[in-house]
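Read-outs throughout are calculated quantities, based only on the coordinates presented, and are distinct from any laboratory measurement. Computed from a prediction, not measured in an experiment: that's the story for all the values here. For neighbour counting, all protein chains shown are included, and Cβ atoms are generated from backbone atoms with ideal geometry for every residue, glycine included.
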Amino acid sequence: MKFFIDTAEIQEIKSLSNLGLVDGVTTNPSLIYKSGKDFKTVIKEISNIIDGPISAEVTSTVSNEMITQGIELAKIANNIVVKVPLTKDGLLACKELSEKNIKVNVTLCFSAAQALLAGKLGATYISPFIGRLDDIGTTGLNLIKEIVNIYTIFKDDIKTEVLAASIRSPLQVSQVALMGANVATIPPKIIMQMMKHPLTDSGLEIFMEDWKKTGQKF
Ligand code: E4P
């Protein structure tokens with residue numbers, strides 16, 4: 001399973017990339033706002049660090065503007081993936097950009113029916129948002145299962161990868177992995193939490209104490 005990190009913070013990207021844990025990066029307008037940086041500059045900076053796919057989202061809701069923006073974003077680096085929303089205009093932009101061999105990540109997906117449309121129109125990735133579904137009292141993980149199943153049934157026609165997004169916990173990462181999501185885009189904080197377990201910490205403490213008691217030097 002591929003790990004993308006969901007951030008526009010350069011330092012976080014650098015540090016996790018050094019650990020070898022970053023297969024790609026996803027951003028969105030809210031993450032760009034949070035970074036306080038110029039959109040295209042920060043995308044360029046990320047592309048200087050990461051070789052894998054970098055999602056950069058269009059900032060219009062109108063298809064022809066999305067297409068123009070997508071073409072411009074794709075010129076920033078050869079690993080840019082253009083992110084478009086799952087709307088009628090977004091789907092049209094997905095179709096046009098995909099036909100131009102520009103990779104597209106269709107975002108803000110909240111139903112399997114929506115995912116089916118993106119798959120039919122040649123999206124490179126579909127981004128179902130599980131955390132935001134949980135926020136409104138539904139089970140986001142079910143959506144991943146449904147989409148993976150549908151894309152598997154139609155694997156000869158649909159080549160779109162399932163990119164589990166809006167992840168809020170380490171448990172959700174292992175659950176989307178079990179369900180067969182191709183990619184999880186994970187906030188850096190959650191990747192750090194994935195490394196931690198209290199039994200690892202207490203076990204290590206005992207090993208270190210017992211090693212000292214042996215009186216040996218390595
Ligand atoms: C995905 O590409 C989105 O940027 C992201 O996962 C959204 O997560 P949120 O619901 O925590 O904002």
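Side notes on the structure shown:
- Filtered residues of region 172-218 (kept if without any contact (Cβ under 8 Å) to a residue 12 or more places away in the chain and in a loop (DSSP other than H, G, I, E, B)): 195, 196, 197, 215, 216, 217, 218
- Selection of region 88-123 for residues being polar (S, T, N, Q) and within 13 Å of the ligand (Cβ to nearest atom) yields 105, 107.
- Options 55, 30, 60: the member that is surrounded by 15 or more Cβ atoms within 10 Å (Cβ to Cβ), of a type in the set (S, T, N, Q) and free of Cβ contacts under 8 Å to residues at least 12 places away in the same chain: 60
- Checking residue 76 against (1) in a helix (DSSP H, G or I); (2) over 30 Å from residue 139 (Cα atoms); (3) over 17 Å from the mean Cα position of the chain (by Cα), the condition it does not meet: (1)
- Count - residues of region 1-27 that are assigned to a loop (DSSP other than H, G, I, E, B), touching a residue at least 60 places away in the same chain (Cβ under 8 Å) and either of a type in the set (Ser, Thr, Tyr) or near the ligand (Cβ under 10 Å from one of its atoms) (or both): 1
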